[in-house]
Amino acid sequence: MPKTYRIVLLPGDGIGPEVIAETRKTLEALAPLFDLTFDFSEQLIGGVAIDETGSPLPDATLTACQQADAVLLGAVGGPKWSDPAAAVRPEQGLLGIRKALGLYANLRPIKIYPQLLTASSLRPDVLAGVDLLVVRELTGGIYFGPRQEGSEEAYDTMLYTRPEVERVVRVAARAARGRRGRLTSVDKANVLASSRLWRQTVTRLMAEEFPDVEVEHVLVDAMTMHLIRRPADFDVIVSGNMFGDIITDEAAMLAGSMGMLPSASLGDGSRGLYEPIHGSAPDIAGRGVANPLAAILSAAMMLRHSLGEEDAARAIETAVERALDAGYRTPDLAHTALPDQTVEVVGTEAMGEIVRSHLTPISV
Ligand code: IPM
Ligand code: MG
């Protein structure tokens, strides 16, 4: 009997539906190779959900996600819904689903593919050896603290509790243990009270529970500098919600394109939400040119973290590497030919098809 997994697909807005379509087809092609069955349910989120139901996170979507083994999301947002005065915004759907599912740890691995070494604006010698995992706190901090809107005065509050810091730092420290054993905690403890609590909590927890993991504290402003100056020096980076949002966009540029980077959002159970780091890219939506690899690689993270299907996850990652080895690139990476290489630029669907043609039932 093949194992059946219930997967909710949330294509969302912009290029979301295009990249999720390729991801679904890739999982469908993978299933027979590993004796798996996927039971997909497509639901609304973001701008398209506002248009159809008035809410960026309809109840039916939330219920389906709560009953699923994992959720795969494309992207939300776009100019149509970006009026700052609007009462409902697509992003509320994304923040709402993260919060409602208790997904407090956002894993954003930054891997530099040797085939894409020239994609970044940084010199290849700076990028040599870069292998980072950013763990971003996702359901607290300034994104969720008390706030007040206003035209004369407005505020947001960066609020963290000790248990909120502890649980995300445990996720990061466990990851560091399985990697190079180094954790960098990012804060702004020279100014912010919430960062001083963050730093104290990290120091105490690491000494008590992870004495074998080396820990350092870095201020967020300095971190943005180190990330482009000496990115290979870091292993696992842990930070609060907003600092993590900012440094992961910066870190993504080490890889050259947002179109290559997957992410996983996890809570206490095995259910997780998986999404590419990129946004809805309204400028290229509907043209069939978006890079589907970040979404496809997010499905690999889903197989690994929520479904425990490590071999199947590796099969997807290997197929992506083979597609790059064979010289295929979507337009975001068209300029990445190395001196002895020719590249062929293909669209979203063709890239998905090429990845699928390279899927094999390898085992680790
Ligand atoms: C991200 C995005 C979101 C965030 C937006 C779309 C709400 O930038 O996932 O990094 O800020 O968390
Ligand atoms: Mg962001």
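Only the coordinates and a few stated rules stand behind these numbers; no lab work does. All values reported here derive from a predicted model rather than from experimental measurement. All Cβ positions, glycine included, derive from the backbone under ideal geometry; neighbour counts span all protein chains shown.
Computed quantities for the displayed model
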read-out: Pairwise label distance in nanometres, GLU310 with ASP268, each label 7 Å out on the Cα-Cβ vector; value: 2.6 nm
read-out: Dipole-positive endmost among PRO79, VAL165, PRO361 within the chain (Cβ charges, Cα centre); value: VAL165
read-out: FRET efficiency, ARG177 to LYS111 (Cβ-Cβ, R0 30 Å, nearest 0.05); value: 0.95
read-out: Using a Förster distance of 41 Å, the FRET efficiency for ARG204-GLN341 (Cβ separation, nearest 0.05); value: 0.25
read-out: Radius of gyration, Dmax [the range 106-263; alpha carbons; angstrom]; value: 16.1, 51
read-out: The range 161-201 residues near the modelled ASP221 label - backbone nitrogen below 11 Å, point 7 Å along Cα→Cβ; value: 190-191
read-out: DSSP-defined beta bridges in the chain - what % are antiparallel, rounded to 5; value: 35 percent
read-out: Length gained when the stretch ARG147-THR63 is fully extended (0.36 nm per residue, less Cα-Cα span); value: 27.5 nm
read-out: Inter-label distance for ASP233 and GLU42, nm, one decimal - labels placed 7 Å from Cα along Cα-to-Cβ; value: 4.8 nm
read-out: Added length on full extension, which subtracts the Cα-Cα distance from 0.36 nm per residue, VAL191 to LEU33; value: 51.5 nm
read-out: Per-bin percent of Cα-Cα distances, the chain [10 Å]; value: 5, 24, 33, 27, 10, 1, 0
read-out: Gap separating the Cα centres of the range 1-24 and the range 197-247, nearest whole Å; value: 33 Å
read-out: Estimated translational D of the range 97-148 in µm²/s (Stokes, Kirkwood radius over Cα pairs; 10 °C; 1.306 mPa s); value: 116 µm²/s
read-out: Candidates per chymotrypsin sites (Phe, Trp or Tyr not before Pro) in the range 102-163, loop by DSSP, up to 11 other Cβ within 10 Å; value: none
read-out: Base-10 log of normalised Debye intensity for the range 1-145 (one unit scatterer per alpha-carbon) at q = 0.12, 0.13, 0.16 Å⁻¹; value: -0.66, -0.76, -1.03
read-out: Linear extension gain, ALA326 paired with ASP125, 0.36 nm per residue minus alpha-carbon span; value: 70.0 nm
read-out: Electrostatic dipole magnitude of the range 106-263 [Cβ: Lys, Arg +1; Asp, Glu -1; Cα centre; debye, to 20]; value: 520 debye
read-out: Cα centroid separation - the range 129-179 against the range 29-104, whole Å; value: 21 Å
read-out: Peptides ranked, highest mean first, by Cβ atoms within 10 Å: ranges 130-136, 107-113, 48-54; value: 130-136, 107-113, 48-54
read-out: Estimated [θ] at 222 nm from DSSP helical runs (n ≥ 4, -39500 (n - 2.57)) normalised by residues in the chain, nearest 500; value: -11500 deg cm²/dmol
read-out: Test item: Cα-centred dipole of the chain, Lys/Arg +1 and Asp/Glu -1 on Cβ, debye; value: 760 debye
read-out: Virtual paramagnetic centre 7 Å along Cα→Cβ of ASP83, amide N under 19 Å, in the range 41-59; value: 46-57
read-out: Those GluC sites (Glu not before Pro) in the range 268-364 that DSSP places in a loop and that have at most 16 other beta carbons within 10 Å; value: none
read-out: Kyte-Doolittle mean at least -1.0 and Cα axial length at least 15 Å: DSSP H helices in the chain; value: 16-30, 90-100, 162-177, 193-209, 241-252, 293-305, 310-325
